[in-house]
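Trainee: Pasting in a structure now, in structure tokens, and then I'll have a few things to ask.
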Amino acid sequence: MRDVYVVGVGMTPLGKHLDKQLRDLGREACLQALRDAGVYPGEIEAGFCGNCLAPVLQGETGVGQSVFWEAGINKIPVINVENACCSGSTAFREAWLSVASGLYDTALAVGVEKTYTQKGGVLDIGTADLELKLGLVLPAYFALVANHYMSEYGLSKEDLAQVTVKNRLHGSLNPYSQFQKAVSVEEVLGSPVISEPLTRLSCCPLSDGAAAAVLVSGDILRKLGKKPILVAASVLQSGGYDNPMNPSKWELNYRAAQEAYGRASLGPEDVDLAEVHDCFTISEVLHYESLGFANRGEGIELLKSKQTYLGGSTPFNVSGGLLAKGHPVGCTGMAQIVETVWQLRGQAGKRQVENAKVGLTHTMGGMKEGDCKAVTINILRVG
Amino acid sequence: MEKGQEIVPIDKAAIRPLPGENQGWCLIGGRCLSCGRYFFPKREICPQCFDRGRVEETVLSCKGILVSYTVIHRAIDKNVPYAVGYVKVPENMVIFAPLEIREFSDLSIGMEMEVAFSEEETADKLKWMVYKFRPAS
């Protein structure tokens with residue numbers, strides 16, 4: 001398998017886009033990425049579009065073909081990728097694999113979603129599974145995780161709220177972020193309770209947005225004369241669904257992290273910034289542990305000591321993460337890639353991580369029998 | 001029971017009526033005859049043993065320990081607030097269940113629970129038999 005480089009990226013601001021359809025958002029991101037890469041639409045050989053809920057929310061299928069044609073791309077193989085919250089990052093992984101394998105030299109990956117509604121509410125993920133039939137909803141699942149972890153390790157609600165405080169602060173430095181204002185622990189805990197102990201500000205919002213990237217082989221990169229941003233690892237895994245499971249330990253994250261570090265030949269100590277799946281506050285604390293930055297039960301110390309803040313030893317979610325930047329489900333994985341590329345190029349403005357050379361992105365999607373359906377981890381580095 | 005108003009189990013692989021007339025219901029799962037592993041709900045094959053084993057239906061214990069819970073305040077098409085949780089049964093499995101409780105503040109991790117069954121009617125007027133866990137009496 002040969003080296004693959006990300007040579008162009010683009011994204012829309014995330015948040016409310018009532019006047020735009022999926023294909024409009026996708027077009028914006030794709031055109032930005034093409035122009036950033038210096039690549040013409042006709043030079044793209046394969047397209048990968050990550051989207052989770054279009055058939056349910058917009059009554060639309062085959063989103064990729066519509067998005068790509070808006071960007072002037074036709075007559076190529078197009079895959080529409082659905083992998084819950086990993087849809088965008090799985091699209092990225094498929095694009096990477098298509099070039100790494102040698103089948104194509106230039107591929108385009110996009111993630112696009114519209115979940116924002118005026119009246120808000122809990123995202124409806126259907127009732128196909130027994131747990132959902134019995135009344136489990138997404139925020140409640142993460143609340144079960146939180147309560148189990150808190151009972152084992154003595155974490156408090158105030159501790160958890162600090163995740164939102166940090167990510168909102170980061171978001172206020174990011175023009176692409178859905179939320180632009182910092183919040184306090186009091187405001188987080190004072191917002192309406194969704195599922196105890198998670199309040200509204202402990203949960204990621206409904207959002208619209210799109211993000212895209214152009215991936216190329218080494219030969220094409222050299223022709224384009226751009227700064228090499230290498231895909232050092234692109235990993236995809238599913239859960240174990242074994243029973244008994246530990247209600248607050250996502251073993252699939254540990255497995256995927258091991259594989260990613262192995263493939264990239266580096267460890268957590270080499271990572272300069274991480275964009276991880278903070279769908280709910282508890283999630284980020286657990287990711288510190290599963291991604292190898294803290295021992296089990298000790299994740300919160302990284303946050304309390306400000307090591308995961310911008311300016312700290314390993315900033316997490318300097319973009320604002322899902323909690324502040326937003327979570328258009330199928331877009332999120334690609335938005336993390338775009339942020340990481342900007343950071344590695346020194347183009348991240350007020351939220352720039354100094355001397356960023358290695359970035360890790362992590363998404364986790366779906367809920368199944370006390371585990372998650374998918375996880376993706378990508379490691380990018382200046383090549 | 002009126003004809004056409006049959007009560008359907010929420011999942012035939014998770015619960016079934018006890019034998020006899022009006023004897024109530026029980027939780028069921030699967031057990032691999034080859035490796036002895038339990039599954040909930042009952043499933044077709046053992047992932048480990050595959051055709052070297054066979055998964056047969058087994059009645060599960062009706063008691064367990066509460067390992068986590070939450071009180072839901074925002075949901076979809078259900079009357080909030082209501083409580084759900086994870087219960088660990090002696091067959092070494094953690095089972096998701098709605099919780100039946102008079103006062104939410106009575107819930108605590110580690111408390112002993114017992115399974116209960118009740119009828120629920122969904123919006124489309126279908127009647128389901130569902131399982132729940134409540135504090136052991």
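The values are calculated or read from the model by the stated rules, or taken from the named source; none is laboratory data. As the structure is a computational prediction, the values presented were derived from the model and not from experiment. For neighbour counting, all protein chains shown are included, and Cβ atoms are generated from backbone atoms with ideal geometry for every residue, glycine included. For the accessible areas, the whole protein counts, side chains as well, though only heavy atoms, and no ligand, DNA or RNA atoms are used. Shrake-Rupley method; radii C 1.70, N 1.55, O 1.52, S 1.80 Å.
Trainee: Given the protein chains as shown and a 1.4 Å probe, how many square angstrom of B:D77 are accessible, to the nearest 10?
Mentor: Using a 1.4 Å probe on the heavy atoms, I get roughly 150 Å².
Trainee: Follow-up. Only Cα pairs under 8 Å and at least 6 apart count here; give the relative contact order of chain B as a rounded whole percent.
Mentor: Values: 281 pairs, mean separation 28.5, N = 137.
That works out to 21 percent.
Trainee: Same structure, new question: Once amide H atoms are placed 1.01 Å from N in the peptide plane, what residues at a sequence separation of 5 or more from A:M367, or on another chain, have their amide H within under 5 Å of its amide H?
Mentor: Here the answer is A:K373, since their amide H atoms fall under 5 Å of that of A:M367.
Trainee: Right, next: Take the alpha carbon gyration tensor of segment B:73-115, find the square roots of its eigenvalues, order them as a ≥ b ≥ c, and report rounded if a/c is under 1.5; if not, report prolate when a/b exceeds b/c, else oblate. Please report the intermediate quantities before stating the final value.
Mentor: Values: a/c = 2.81, a/b = 1.60, b/c = 1.76.
Oblate, since a/c reaches 1.5 and b/c is not below a/b.
Trainee: Follow-up. Could you tell me the relative contact order of segment A:255-383? Use alpha-carbon pairs under 8 Å, at least six residues apart, and round to a whole percent.
Mentor: On the way: 187 pairs, mean separation 36.5, N = 129.
Taking the mean separation of contacting Cα pairs over the length of segment A:255-383, I get 28 percent.
Trainee: Could you work out the relative contact order of chain A, using alpha carbon pairs under 8 angstrom and six or more residues apart, expressed as a whole percent? Intermediate values should be presented prior to the final figure.
Mentor: Numbers: 942 pairs, mean separation 98.8, N = 383.
After rounding, I find 26 percent.
Trainee: Right, next: For the pairing of chain B with chain A, what total accessible surface becomes buried, with a 1.4 angstrom probe, in square angstrom to the nearest 100? Could the numbers behind the result be given before it?
Mentor: Details: alone 9170 and 14710 Å², together 21340 Å².
Buried area (both sides, nearest 100 Å²): 2500 Å².
Trainee: With every protein chain left in place, what is the accessible area of A:K227 in Å² (1.4 Å probe, nearest 10)?
Mentor: Roughly 100 Å² of A:K227 is accessible to a 1.4 Å probe.
Trainee: Within 10 Å of each Cβ in peptide B:96-108, how many partner chain Cβ atoms are there on average? Round it to a whole number, please.
Mentor: Values: counts 12, 4, 4, 1, 0, 0, 0, 0, 1, 0, 0, 2, 1.
What the average comes to for B:96-108 is 2.
Trainee: So, in Å, what gap is there between the alpha-carbon centers of segment A:276-303 and segment A:19-85?
Mentor: Cα centroid to Cα centroid, the span is 33 Å.
Trainee: Can you pull the Rg over Rh of the protein assembly as shown, Cα-only, Kirkwood?
Mentor: My calculation of the ratio gives 0.99.
Trainee: Separation between the A:E43 and B:E114 pseudo-spin-labels, each 7 Å from Cα along Cα→Cβ, expressed in nm?
Mentor: Going from the A:E43 label point to the B:E114 one covers 7.3 nm.
Trainee: Right, next: Taking a ≥ b ≥ c as the square roots of the eigenvalues of the Cα gyration tensor of segment A:270-315, is the shape rounded (a/c under 1.5), prolate (a/b larger than b/c) or oblate? Write down the numbers at each step before the final one.
Mentor: Numbers: a/c = 1.35, a/b = 1.23, b/c = 1.10.
Verdict is rounded for segment A:270-315.
Trainee: Further, regarding this structure: Comparing the chain by itself with all protein chains present, which residues of segment A:103-138 are at least 10 Å² less accessible (probe 1.4 Å)?
Mentor: Buried-area filter returns A:V122, A:D124, A:L130, A:E131, A:K133, A:L134, A:G135, A:L136, A:V137.
Trainee: Still on this structure, I have one more. How many nm separate the modelled label positions at A:L31 and A:D219, each set 7 Å beyond the Cα in the direction of the Cβ?
Mentor: That separation, rounded to one decimal, is 3.2 nm.
Trainee: For a quick protection proxy, order the peptides A:358-371, A:48-61 by their average other-Cβ count within 10 Å, most packed first. Let's see the in-between values first.
Mentor: Numbers: A:358-371: 24.4, A:48-61: 21.1.
Order by mean packing, descending: A:358-371, A:48-61.
Trainee: With every protein chain kept in place and ligands, DNA and RNA left out, what is the accessible area per residue of the protein assembly as shown? Probe 1.4 Å, answer in Å².
Mentor: Numbers: 21340 Å² over 520 residues.
Heavy-atom accessible area per residue stands at 41 Å².
Trainee: May I pose another question? Can you send over the carbon and sulfur percentage of the accessible area for the protein assembly as shown, probe radius 1.4 Å, protein chains only?
Mentor: Details: 10280 of 21340 Å².
For the protein assembly as shown, the apolar C and S fraction of the accessible surface comes to 48 percent.
Trainee: Follow-up. Can you work out the FRET efficiency for the pair A:D242 and A:E187, with r the C-beta to C-beta distance and R0 = 45 Å, to the nearest 0.05? Write out the running numbers ahead of the final one.
Mentor: Values: r = 39 Å, r/R0 = 0.88.
So, using R0 = 45 Å, E works out to roughly 0.70.
Trainee: Would you please name the trypsin sites (Lys or Arg not before Pro) within segment A:31-107 that are DSSP coil residues with at most 16 other C-beta atoms within 10 Å of their C-beta?
Mentor: Values: sites: A:R35, A:K75, A:R93; in loops: A:K75.
Counting only loop positions with at most 16 other Cβ atoms within 10 Å, the trypsin sites (Lys or Arg not before Pro) in segment A:31-107 are A:K75.
Trainee: With all protein chains present and a 1.4 Å probe, how do B:F117, A:F92 order by accessible area, largest first? Show your work: numbers first, answer last.
Mentor: Values: B:F117 55, A:F92 0 Å².
If we order B:F117, A:F92 from most to least accessible, we get B:F117, A:F92.
Trainee: Under the 0.36 nm per residue contour assumption, what length would be gained going from the current alpha-carbon distance of B:S61 and B:S137 to full extension?
Mentor: 25.9 nm
Trainee: Once phi is turned into ³J(HN,Hα) by the Karplus curve 6.51 cos²θ - 1.76 cosθ + 1.60 with θ = phi - 60°, what whole-Hz value does each residue of segment A:333-344 show in order, with x for glycine and proline?
Mentor: x, 6, 4, 5, 5, 4, 4, 5, 4, 4, 5, 5
Trainee: List the residues, sorted by chain then number, that are 5 or more residues from A:T199 or on another chain and whose placed amide H is less than 5 Å from its amide H.
Mentor: A:I194
Trainee: Here is a further query. So how far, in whole Å, is the C-alpha centre of segment A:305-345 from the one of segment B:19-59?
Mentor: First find each Cα centre; the distance between them is then 45 Å.
Trainee: Additional query: Let me cross-check B:E57: its accessible surface, 1.4 Å probe, with only protein heavy atoms counted, in Å² to the nearest 10?
Mentor: Only protein atoms counted, so the area is about 80 Å².
Trainee: From the phi of every residue in segment A:216-226, what ³J(HN,Hα) in whole Hz does the Karplus formula 6.51 cos²θ - 1.76 cosθ + 1.60 yield, where θ is phi - 60° and glycine or proline is x?
Mentor: Listing the rounded values in order: 9, 7, x, 4, 5, 4, 5, 4, 7, x, 9 Hz.
Trainee: While we're looking at this one, here's another question. Past 25 Å, Cα to Cα: identify those pairs from B:K12/B:K88; A:K16/A:K368; A:K20/A:K226; A:K133/A:K157; A:K226/A:K325; B:K12/B:K127, in the order given. Don't jump to the answer; show the numbers that get you there.
Mentor: Details: B:K12/B:K88 21 Å; A:K16/A:K368 29 Å; A:K20/A:K226 32 Å; A:K133/A:K157 29 Å; A:K226/A:K325 28 Å; B:K12/B:K127 14 Å.
Result: A:K16/A:K368; A:K20/A:K226; A:K133/A:K157; A:K226/A:K325 exceed 25 Å.
Trainee: Over 14 Å apart: what share of the alpha carbon pairs of segment A:295-365 falls there, rounded to a whole percent? Provide the component values of the computation, followed by the final result.
Mentor: Values: 1542 of 2485 pairs.
Here the tail beyond 14 Å accounts for 62 percent of pairs.
Trainee: Moving to a separate point now. Heavy atoms only, probe 1.4 angstrom, no DNA, RNA or ligands counted: give me A:S238, B:S61 ranked by accessible area, highest first. Write out the running numbers ahead of the final one.
Mentor: Numbers: A:S238 60, B:S61 30 Å².
Per-residue accessible area, sorted high to low, gives A:S238, B:S61.
Trainee: How would A:R27, A:R200 line up by accessible area, probe 1.4 Å, largest first?
Mentor: A:R200, A:R27
Trainee: Looking at segment B:53-95, which residues lose a minimum of 50 Å² of accessible area between their chain alone and all protein chains in place, measuring with a 1.4 Å probe and not counting ligands or nucleic acids?
Mentor: B:T70, B:H73, B:R74, B:I76, B:Y86, B:V94
Trainee: Under a straight-distance cross-link criterion of Cα-Cα below 16 Å, which lysines are reachable from A:K373, leaving out those fewer than 8 residues away in the same chain?
Mentor: A:K249
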